[in-house]
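The values are calculated or read from the model by the stated rules, or taken from the named source; none is laboratory data. Please read these numbers as outputs of a predicted model, since none were measured by experiment. Note that each Cβ is placed from the backbone with ideal geometry, even for glycine, and that neighbours are counted across all protein chains shown. Remember, those area values only see protein heavy atoms, side chains included, never the ligands or the DNA or RNA. Shrake-Rupley method; radii C 1.70, N 1.55, O 1.52, S 1.80 Å.
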Amino acid sequence: MATVSFRKIEKAYGKVKVIHGIGFDIADGEFVVLVGPSGCGKSTLLRMLAGLEEISGGEILIDSKVVNELESKDRDIAMVFQSYALYPHMTVRDNMAFSLKLRRADPKLTDERVNDAARILNLDALLDRFPRELSGGQRQRVAMGRAIVRDPKVFLFDEPLSNLDAKLRVAMRAEIKALHQRLKTTTVYVTHDQIEAMTMADRIVVMHDGIVEQIGTPLELYDRPGNLFVAQFIGSPAMNVIAGTLRGANASTVVEAADTRWPVPPQIGGAAGRSVHYGIRPGDIHLAPNGQGIAAKVIVVEPTGAETELLLQVGDAQLIAVIHGRTAAQPDETVHLAIDPAKAHVFDSASGKRLSQ
Ligand code: ADP
Ligand code: MG
């Protein structure tokens, strides 16, 4: 078990800077997910923690000890990659035992560790098979088994589920989470998939272009995204965002956008006339009875059974609404929208920063 700290971490490849001073702490036993679009620097940050990549600036600490100069093999971490790279000529048992054999660990201890890991991962019956005799999901479990037998201080995962089909990905997501609940090993998990981040993380670090946009629990990021980037990256379908202007004062404040006055939460920072972006999540738009509320033209109706997704036109803006259950609304019809002011988000257009509480 271990804590991890990043302090003002920078990384440059030649003259190109790709990480611009990242700092945050990971608590002992925490499951932290680094999420962000492809190329934002997630793998680079993880590889610096693993000791596979030189650190250009700042410090990384494991258990309060600076590890910048420590070799990868001495950092007591285990990493699982997207390509699980098992040794094809070795059985599952030998693949899992390999790192301990390299370290000349006691064979009895090695056997025990491999058997324990196999039991945890449901691989008991597969120990004598070769990788080619396994499914993709089973191979990924062996890759995790290899990490577990080392009993490391920290687990690192870099997009470990990207090669699996959608159904298996969901199943493995739950397995990794269950594994963490059982072993409680500090874990840093990288993904570009915000749903993976939301479902697995104790805390999420949202990265973008080599910086941290926001750190928080999944629901903190969902309920109070600190800026437009996080607002549109977290949540599916994405938050509706329309450009507008703040009007009125105090209790009568609204956002005027797309020829419409949109309700906002109380205590918005910023004066009337300010350019803002108005945000509302698809699930926070409801159909209002009796023609009250904001008029919208229905463009597309997509029933999925439990919910109905509507593509709507309001003025020159298009919005997505996810209605719980079913609706009789048809394309070209006008419906009316009810929005709870407390569920709306307001961002400063220039800085992208959140203005609502
Ligand atoms: P992510 O894992 O978030 O997709 P990476 O950490 O792999 O992003 O890459 C971050 C940036 O660093 C990208 O712009 C990428 O092109 C660049 N990069 C990564 N590795 C190297 C390298 N070995 N040499 C030069 N540039 C690199
Ligand atoms: Mg990557």
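Taking the listed residues VAL255, VAL300, the one that is surrounded by 17 or more Cβ atoms within 10 Å (Cβ to Cβ) and in a strand (DSSP E or B) is VAL255, with no other qualifying. Restricted to region 161-193, and to residues there that are over 19 Å from PRO218 (Cβ atoms) and within 16 Å of ligand 2 (Cβ to nearest atom), the residue that is most open to solvent (accessible area, probe 1.4 Å) is ASN163. For region 138-160, a residue qualifies if it is in contact (Cβ under 8 Å) with a residue 40 or more places away in the chain and either farther than 27 Å from SER5 by Cβ or assigned to a helix (DSSP H, G or I) (or both), and the qualifying residues are ARG139, GLN140, VAL142, ALA143, MET144, GLY145, ARG146, ALA147, ILE148, VAL149.
Just to confirm my filter: which strands (runs of 3 or more DSSP E) fall fully inside region 1-65 and include at least 1 residues that are near ligand 1 (Cβ under 9 Å from one of its atoms)? Write out each step before concluding.
Values: elements: 4-13, 16-26, 31-35, 57-62.
Once the strands (runs of 3 or more DSSP E) in region 1-65 are filtered for at least 1 residues that are near ligand 1 (Cβ under 9 Å from one of its atoms), what remains is 4-13, 16-26, 31-35.
You will find that of PRO218, PRO237, PRO282, PRO225, the residue that is within 28 Å of PRO37 (Cβ to Cβ), in contact with a His (Cβ under 8 Å, 6 or more places away or on another chain) and of a type outside the set (A, V, I, L, M) is PRO225 and no other. For region 281-289, the condition of being at pLDDT below 95, open to solvent by 60 Å² or more (accessible area, probe 1.4 Å), in a loop (DSSP other than H, G, I, E, B) and out of contact with any helix residue (DSSP H, G or I) (no Cβ under 8 Å at 6 or more places or on another chain) holds for at least one residue. From the set of residues in region 20-57 that are surrounded by fewer than 17 Cβ atoms within 10 Å (Cβ to Cβ) and among the hydrophobic types (A, V, I, L, M, F, W, C), which is nearest to the chain's Cα centre (by Cα)? Per the stated criteria, the residue is PHE24. You will find that of ARG93, ARG119, ARG113, ARG75, the residue that is away from ligand 1 (no atom under 16 Å from the Cβ) and open to solvent by 80 Å² or more (accessible area, probe 1.4 Å) is ARG119 and no other.
Scanning region 194-219 for residues that are in a helix (DSSP H, G or I), open to solvent by less than 50 Å² (accessible area, probe 1.4 Å), closer than 24 Å to LYS184 by Cβ and not small (Gly, Ala, Ser) gives GLU196, MET198, MET200, PRO218. Among the conditions (1) among the hydroxyl-bearing types (Ser, Thr, Tyr); (2) within 19 Å of PRO152 (Cβ to Cβ); (3) under 23 Å from the mean Cα position of the chain (by Cα), SER64 misses just one, which is (3). A count restricted to region 201-257 and to residues that are among the acidic types (Asp, Glu) and in contact with a Leu (Cβ under 9 Å, 6 or more places away or on another chain) stands at 1. Which residue pairs have Cβ atoms closer than 6 Å, lie 6 or more positions apart in sequence or on different chains, and pair a first residue in region 46-70 that is away from ligand 2 (no atom under 16 Å from the Cβ) with a second residue that is in a helix (DSSP H, G or I)? Listed by first residue and then by second, the contacts come to GLY51/SER72; ILE55/MET48; ILE60/LEU49.
Look through region 228-237, keep the residues that are open to solvent by 20 Å² or more (accessible area, probe 1.4 Å) and in contact with a strand residue (DSSP E or B) (Cβ under 8 Å, 6 or more places away or on another chain), and return whichever of them is farthest from LYS167 (Cα to Cα). Among those that are open to solvent by 20 Å² or more (accessible area, probe 1.4 Å) and in contact with a strand residue (DSSP E or B) (Cβ under 8 Å, 6 or more places away or on another chain), it is LEU228.
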